[in-house]
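Undergrad: Take a look at the following structure, please.
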């Protein structure tokens, strides 16, 4: 993580919550891994989609910074999608 | 000092991305922040100072992450708050010379120990030649360091400070750790998940707001449930409100998401708790003077 962006995100989101008087749900108890709770985006692609469709994060971090992070993430995903990896050779070279 | 602006929108591999620079790469101005000046004892007779990025016209560059954090601190100040933070960082130390990694040894790396010895004094002893040097570099900033729940994994907890200084300090800590490890014939990585069958590394951010005039902790209210104030709940709710949208800024890499596995001690769920560490957010301490908001989302790179 970039510590400046991570700190700015957490602080900015929190200040926005105070300004808007947002209310939190009750605290969870027990094992947070169990039960019907929304999970963090499971992949970079899902995180990118979540950021791009959200207006609040653009207010918090500015459209320029969000667009920049999206551009970097999209490029990074493209690198992974177009690179042939050892994992693919291991799974397919002999068997396919 | 002017630099090529591509570095404000590039990858870990310094690729020049399409979109931002199609019509050329304008200069950006690096302006020294002399308040960040400090000795850099992890190098011989060295000091270090950080810069903020400005546009050539003298206004802060919109893509400067450090300037953005400063803007958020100013926003907090306008609301009457000062902001304190503490960051914990985890990393692995490998008994492999960094020169070999730089030449392509990205696999065939075995950790120093086959087993996990979390919090072990003896395990700490084996890495003390490196960890001791890191501690010596930051006698006032490191609150604790310990072997973590991974083979050759460590955690360093930084003592709370102003949030910009804390972000600076996490940069210095990573730099010093990598450099000292390299000098000792080892390799340090803060990569979120270097092997799928071993622990991942995260970074925890604790934050606390104080009344800028009285210094009173804003998140504390003895009269309320869990002794947490309304401001705390709203601060928390603000973070839950952008739970998914903010992930990109805590976990910016493809690899970050391999860390977010269930039952891995990573914060993966949209909820919060006062004692559990597995939620993405939590109240980190019950001490009234130190009541802080904690994000365990962050996965460093």
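The values are calculated or read from the model by the stated rules, or taken from the named source; none is laboratory data. All values reported here derive from a predicted model rather than from experimental measurement. Counting neighbours? That spans all protein chains shown, and the Cβs are built from the backbone with ideal geometry, glycine included.
Undergrad: Just for the stretch B:125-150: of the residues that are assigned to a loop (DSSP other than H, G, I, E, B), surrounded by fewer than 21 Cβ atoms within 10 Å (Cβ to Cβ) and over 17 Å from the mean Cα position of the chain (by Cα), which one is modelled with the lowest pLDDT?
TA: B:149
Undergrad: For the structure I just gave you, tell me whether residue B:239 is assigned to a loop (DSSP other than H, G, I, E, B) and under 28 Å from residue A:71 (Cα atoms). Talk me through it step by step, then tell me what you get.
TA: Values: assigned to a loop (DSSP other than H, G, I, E, B): no; under 28 Å from residue A:71 (Cα atoms): yes.
The answer is no for residue B:239.
Undergrad: May I ask you to list pairs of residues, at least six apart or on different chains, whose Cβ atoms are under 6 Å apart, with the first in the stretch A:14-33 being more than 7 Å from chain B (Cβ to nearest Cβ) and the second being assigned to a loop (DSSP other than H, G, I, E, B) and at pLDDT 80 or above?
TA: No pair meets every condition.
Undergrad: Right, another one. Only residues that are away from chain A (no Cβ under 14 Å) and part of a loop (DSSP other than H, G, I, E, B): list them for the stretch B:1-49, please.
TA: Listed by number, the residues that qualify are B:1, B:23, B:24, B:25, B:26, B:40, B:41, B:42, B:43, B:44, B:45, B:46.
Undergrad: Restricted to the stretch A:72-90, and to residues that are surrounded by fewer than 18 Cβ atoms within 10 Å (Cβ to Cβ) and under 14 Å from the mean Cα position of the chain (by Cα), which residue is nearest to the other protein chains (Cβ to nearest Cβ)?
TA: Among residues in the stretch A:72-90 that are surrounded by fewer than 18 Cβ atoms within 10 Å (Cβ to Cβ) and under 14 Å from the mean Cα position of the chain (by Cα), the one nearest to the other protein chains (Cβ to nearest Cβ) is A:77.
Undergrad: Then there's this: Checking residue B:257 against (1) modelled with pLDDT under 95; (2) within 28 Å of residue A:25 (Cβ to Cβ); (3) in a loop (DSSP other than H, G, I, E, B), which single condition isn't satisfied?
TA: Every listed condition holds for residue B:257 apart from (3).
Undergrad: Also: Just checking, does the stretch A:54-68 include any residue being touching a residue at least 60 places away in the same chain (Cβ under 8 Å), within 7 Å of chain B (Cβ to nearest Cβ), under 26 Å from residue B:87 (Cβ atoms) and part of a helix (DSSP H, G or I)?
TA: Looking for residues that are touching a residue at least 60 places away in the same chain (Cβ under 8 Å), within 7 Å of chain B (Cβ to nearest Cβ), under 26 Å from residue B:87 (Cβ atoms) and part of a helix (DSSP H, G or I), one finds at least one in the stretch A:54-68, hence yes.
Undergrad: Output the number of residues of the stretch B:244-257 satisfying the condition of being over 19 Å from residue A:67 (Cβ atoms) and surrounded by 21 or more Cβ atoms within 10 Å (Cβ to Cβ).
TA: From the stretch B:244-257, those over 19 Å from residue A:67 (Cβ atoms) are B:254-257; that's our starting set.
When the remaining residues are screened for being surrounded by 21 or more Cβ atoms within 10 Å (Cβ to Cβ), the result is B:256-257.
Count: 2.
Undergrad: Out of B:211, B:241, I need the residue that is closer than 24 Å to residue B:82 by Cα, at pLDDT 95 or above and either within 7 Å of chain A (Cβ to nearest Cβ) or touching a helix residue (DSSP H, G or I) at 6+ places or on another chain (Cβ under 9 Å) (or both). Which one?
TA: The match here is B:241.
Undergrad: Select from the stretch A:34-53 the residues that are at the interface with another protein chain (Cβ under 7 Å from one of its Cβ atoms) and either touching a helix residue (DSSP H, G or I) at 6+ places or on another chain (Cβ under 8 Å) or not in a loop (DSSP other than H, G, I, E, B) (or both) and list them in ascending order.
TA: Listed by number, the residues that qualify are A:39, A:40, A:41, A:42, A:43, A:44, A:47, A:48, A:50, A:51.
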